[in-house]
1. Is at least one residue of the stretch 385-408 at pLDDT 85 or above, among the polar types (S, T, N, Q) and in a loop (DSSP other than H, G, I, E, B)?
2. Does the stretch 788-805 contain at least one residue that is of a type in the set (Ser, Thr, Tyr), in a strand (DSSP E or B) and either surrounded by 15 or more Cβ atoms within 10 Å (Cβ to Cβ) or touching a helix residue (DSSP H, G or I) at 6+ places or on another chain (Cβ under 7 Å) (or both)?
3. Looking at the stretch 475-501 only, could you name the residues that are surrounded by fewer than 17 Cβ atoms within 10 Å (Cβ to Cβ) and at pLDDT 85 or above?
4. Going by the conditions given, is GLY714 touching a Lys or Arg at 6+ places or on another chain (Cβ under 7 Å) and among the small types (Gly, Ala, Ser)?
5. From the residues in the stretch 239-251 that are among the small types (Gly, Ala, Ser) and more than 22 Å from the chain's Cα centre (by Cα), which one is surrounded by the most Cβ atoms within 10 Å (Cβ to Cβ)?
6. In the stretch 777-818, how many residues are touching a strand residue (DSSP E or B) at 6+ places or on another chain (Cβ under 9 Å) and closer than 16 Å to LEU830 by Cα?
7. Please go through the stretch 350-384 and give me each residue that is within 27 Å of GLY418 (Cβ to Cβ), at pLDDT 80 or above and surrounded by 19 or more Cβ atoms within 10 Å (Cβ to Cβ), ordered by number.
8. Return the residue satisfying two criteria in turn: it lies in the stretch 734-761 and is part of a loop (DSSP other than H, G, I, E, B), crowded, with 16+ Cβ neighbours inside 10 Å and touching an Asp or Glu at 6+ places or on another chain (Cβ under 7 Å), and of such residues it is modelled with the lowest pLDDT.
Amino acid sequence: MKGFFMASAFLSFMLFAAEPPKNTGDNDSAFDADFLRKDNEVIPQQFYHPEDTSAGVKTADIVLNDHMLFKTKIDFISINGKPGATPCLTQALLHQMGLDNHLAELAKSGDEVCYDFLAKWPDATVKYDESMQQLLVNAPQAAMNVASQSEMIDPSLWDSGVNALRLSYAGYVYHTENKSHHSGSEDGSNDISNNAYLSLNSAVNLDNWRFYSFDTFDKSDQGWVHNHDRAYAERDIASLVSRFTVGDVYASTSSDVLGILPVRGVTLETNSQMLPPSTFSYTPVIRGVARTNARVVIRQRGNTIYSTTVSPGSFAITDLTNGQIGADLDVTVEESDGSKQQFSVPYTSLPNMLRPGTWRYSLSGGRYRDDSLSYQPLVGQGSLQYGFDKFTLSDLLVVGEGYQSMALGGAVNLGAWGSVSLDWALERHQSVTQRDISSYRDNSTQDDSTADAGRALRLLYARRFDSTDTSLQLMGYRYQSPDFMDFTDYADWRWGSSDMRTDRKNESQATINQGLGAAGSGYLTLQRDNYYNSSATDTSLTMGYSFNVRAVNVNVSYSYQANSSSDSGDGSKPDRQLSLNLSIPLDLGEKRTSTVSFTNNTSNSSGDSQVVTLSGTEKEGEMNYSFSAQRDSDGYSPSGTLAYRNSIANMNVGASAGQNSRQYSAGISGGIVAYKNGVVLSQQLGDTIAIIETPGAKDISVEGQPGVSTNRWGRAVVPSISPYRDNNLSLDTRHAADNVELVDDADNVIPTHGAVVVRHFQTKVGRRALVILSMPDGKPAPFGAAVWQGKEQVGMVADNGLLYLNGVLAEGDATLHVSLENDAQCQFILPIPKDQSVPWYQQVNAVCH
């Protein structure tokens with residue numbers, strides 16, 4: 001027995017020695033073919049070295065130092081003398097990964113050249129995991145570009161998009177009926193009001209140029225009013241980090257004291273969108289409380305720039321995009337019973353600190369744009385801002401017909417004490433006496449030696465207290481003389497229909513946002529204005545506090561609006577309103593959310609009211625609903641709104657009824673995009689959009705875009721993406737047909753402002769099948785053999801001839817080819833399924849000849 005074991009051991013040693021040696025080096029591990037070999041079956045070469053990636057374009061997740069970054073397409077190329085294929089690391093890919101530090105030669109090599117990253121950084125590793133479809137990169141800290149988040153993305157990576165026509169629209173109809181009683185009669189008549197609103201934003205993309213037109217149509221009982229806000233053309237100038245605009249433009253100044261200038265002319269200015277996000281201007285949040293299904297209208301300088309309908313309760317408008325910094329927003333809340341709330345929201349920027357060594361500029365010139373004036377004067381402006389180590393300086397000049405002004409400003413970083421900015425403006429304008437006003441307006445070139453001059457000061461302070469989670473902002477305007485006017489006031493006074501001048505004296509505002517951790521958060525905003533030659537004082541106060549009791553959210557808000565003037569003698573009383581809201585979420589599953597809220601409003605002008613609301617979302621956010629019941633001095637009144645969005649539009653309807661009033665509304669918004677491959681309907685469009693193409697595959701949704709999915713032609717519009725930023729477009733096939741597969745399901749794009757970028761995703765649309773494939777001699781087809789339909793691989797043979805096919809295209813029988821050893825081939829026919837409406841074949845037996 002002992003001899004038998006020794007002989008067996010010797011035989012095993014000889015058999016092992018007869019096997020070809022295996023390279024066990026770290027970079028080349030051989031696969032043990034004994035696990036796959038069956039009898040004397042030959043194993044395909046790709047299974048011997050699974051780490052040897054085949055050449056071609058592959059979609060992979062980028063993992064840098066064990067952190068998942070993004071998914072993208074990578075071109076793997078074959079290199080002489082090296083097994084397998086190597087990933088091509090281009091300038092664009094390295095920049096996206098943040099690994100372009102100290103690689104100045106990339107700018108010369110271009111995006112299509114592959115860079116030898118390991119030659120530059122020998123300590124780094126780049127490995128592709130075929131099973132996980134991940135490119136695993138380990139790189140030293142020195143290779144990372146730590147400034148990539150504080151600098152603009154290289155313009156060579158920008159995508160200017162394709163030529164296209166765009167139209168974005170939003171509109172609604174709003175109908176109210178209010179029953180009015182006459183004295184001495186029980187009968188009443190109905191006061192019926194019909195309002196409608198339509199906004200049309202059209203654009204043409206032609207190469208690097210963008211042509212825009214903005215129009216609104218507002219209908220009341222007096223008829224339609226058309227407001228053509230502006231039409232202009234613009235293009236980027238990347239070398240200057242600037243944007244050139246011609247047409248109806250807004251000349252934005254660096255000083256809030258002198259406001260903005262609507263000009264029909266040209267402007268050349270720094271494009272802040274190209275810069276890091278920290279340089280963006282903020283948009284104010286419009287907060288208020290509606291008692292009914294109300295209509296909110298926001299105007300700036302008398303023009304309607306935004307309008308929407310809101311449900312009863314607190315509302316916050318955060319998507320205002322048409323406003324211009326430097327002019328107050330006039331907000332009107334029109335209730336369904338005919339009552340109105342009116343208040344103003346200042347639209348000013350925060351202290352704007354520039355990084356040391358950076359600068360911004362703006363140059364504009366043309367005719368002042370205001371159709372209500374009898375004459376539109378020439379005006380020009382120029383501004384410059386420059387950042388030093390601890391402060392930023394700015395200068396502004398405005399010169400117009402009969403008007404000159406200058407503003408000097410500075411913003412200082414006080415470190416632990418916050419930041420403060422100071423603007424001081426001087427202006428001089430021609431003046432006339434009251435008896436000369438009419439002739440003065442008619443003769444715009446009249447020489448008048450008399451002149452008025454004014455001075456104004458603005459102080460803005462902001463501080464963030466991290467230890468107490470407190471944000472404080474203080475703003476104050478001091479008009480040091482009653483004659484001070486910016487150019488807008490001057491043009492309206494000289495060529496407008498009113499002889500009145502707004503003799504502003506002081507404007508002040510304080511805003512505090514306080515975080516209280518688990519105890520909630522609160523805010524307070526106080527604004528107070530007064531005037532020369534008048535005892536009128538405008539005061540506005542809004543404050544609120546929100547906290548959670550387990551899952552229940554409690555919100556308390558208070559508002560105070562007063563306009564006191566002993567000169568008017570109208571005896572108007574301040575408007576005070578207190579609101580308490582309780583919000584209770586209901587758990588209805590992963591794709592459904594619902595909330596019940598209870599609101600109590602107390603107002604000295606409209607009385608008390610209580611509202612119970614059930615609101616929520618369905619279908620992964622595609623549908624929103626809100627149903628309310630309100631009780632006030634007029635009794636009970638129900639109301640409801642329903643909104644739905646799909647890939648072609650956003651739609652909403654609303655209705656409410658009370659003892660003496662009824663209200664109905666319906667709205668729709670959406671977009672239309674026409675380009676070389678067709679016309680696509682979409683949701684309401686932003687400035688910069690993307691078109692997704694999945695040929696032949698419909699109902700493929702876009703992640704993070706509720707309601708957006710490809711149409712019957714395989715096209716969809718992503719209604720808004722960020723310009724000059726890296727945007728990831730990922731697709732989801734969960735709702736697509738069973739015969740649809742994506743070869744690529746994600747891509748990245750860095751668009752320019754206003755671009756219409758197109759991303760084409762390769763799809764495999766066809767039938768699927770399970771086949772037991774055998775050879776003419778009855779043996780199973782060889783393991784690992786590739787199966788082709790034309791030039792498209794549709795499957796690979798597994799053990800015992802089992803074959804899974806996908807993406808097989810054929811109206812009838814399909815002829816498929818199988819690659820064998822020594823470049824030999826055989827073919828078999830996949831018969832047409834009995835039920836062609838089913839994308840799956842039943843199991844099929846086939847012989848490869």
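1. The answer is no, given that none of the residues of the stretch 385-408 is at pLDDT 85 or above, among the polar types (S, T, N, Q) and in a loop (DSSP other than H, G, I, E, B).
2. Residues of the stretch 788-805 that are of a type in the set (Ser, Thr, Tyr), as a first pass: 804.
Remaining after also requiring in a strand (DSSP E or B): 804.
Next, only the ones that are either surrounded by 15 or more Cβ atoms within 10 Å (Cβ to Cβ) or touching a helix residue (DSSP H, G or I) at 6+ places or on another chain (Cβ under 7 Å) (or both) stay: none.
No, the stretch 788-805 contains no residue that is of a type in the set (Ser, Thr, Tyr), in a strand (DSSP E or B) and either surrounded by 15 or more Cβ atoms within 10 Å (Cβ to Cβ) or touching a helix residue (DSSP H, G or I) at 6+ places or on another chain (Cβ under 7 Å) (or both).
3. GLY476
4. Details: touching a Lys or Arg at 6+ places or on another chain (Cβ under 7 Å): yes; among the small types (Gly, Ala, Ser): yes.
Here the answer is yes, as GLY714 does meet what is asked.
5. Start the filter on the stretch 239-251 by keeping residues that are among the small types (Gly, Ala, Ser), which leaves 239, 242, 247, 251.
Checking which are more than 22 Å from the chain's Cα centre (by Cα) leaves us with 239, 247, 251.
On the way: SER239: 7, GLY247: 19, ALA251: 29.
Top of the filtered list is ALA251.
6. The qualifying residues number 28.
7. Once the filter is applied, which keeps residues that are within 27 Å of GLY418 (Cβ to Cβ), at pLDDT 80 or above and surrounded by 19 or more Cβ atoms within 10 Å (Cβ to Cβ), the stretch 350-384 yields ARG360, SER362, SER383.
8. In the first step, residues of the stretch 734-761 are kept if they are part of a loop (DSSP other than H, G, I, E, B); the result is 734-739, 743-745, 750, 752-755, 761.
Subsequent filtering for residues that are crowded, with 16+ Cβ neighbours inside 10 Å retains 736, 739, 744-745, 750, 752-755, 761.
Applying the additional criterion that residues be touching an Asp or Glu at 6+ places or on another chain (Cβ under 7 Å) yields 736, 750, 752-755, 761.
On the way: ALA736: 77, ILE750: 88, THR752: 93, HIS753: 94, GLY754: 93, ALA755: 95, PHE761: 88.
Across the stretch 734-761, the extreme among qualifying residues is ALA736.
The values are calculated or read from the model by the stated rules, or taken from the named source; none is laboratory data. All of these numbers come straight from a predicted model, not from anything done at the bench. When we count neighbours, we look across all protein chains shown, and the Cβ atoms used for this are built from the backbone with ideal geometry, even at glycine.
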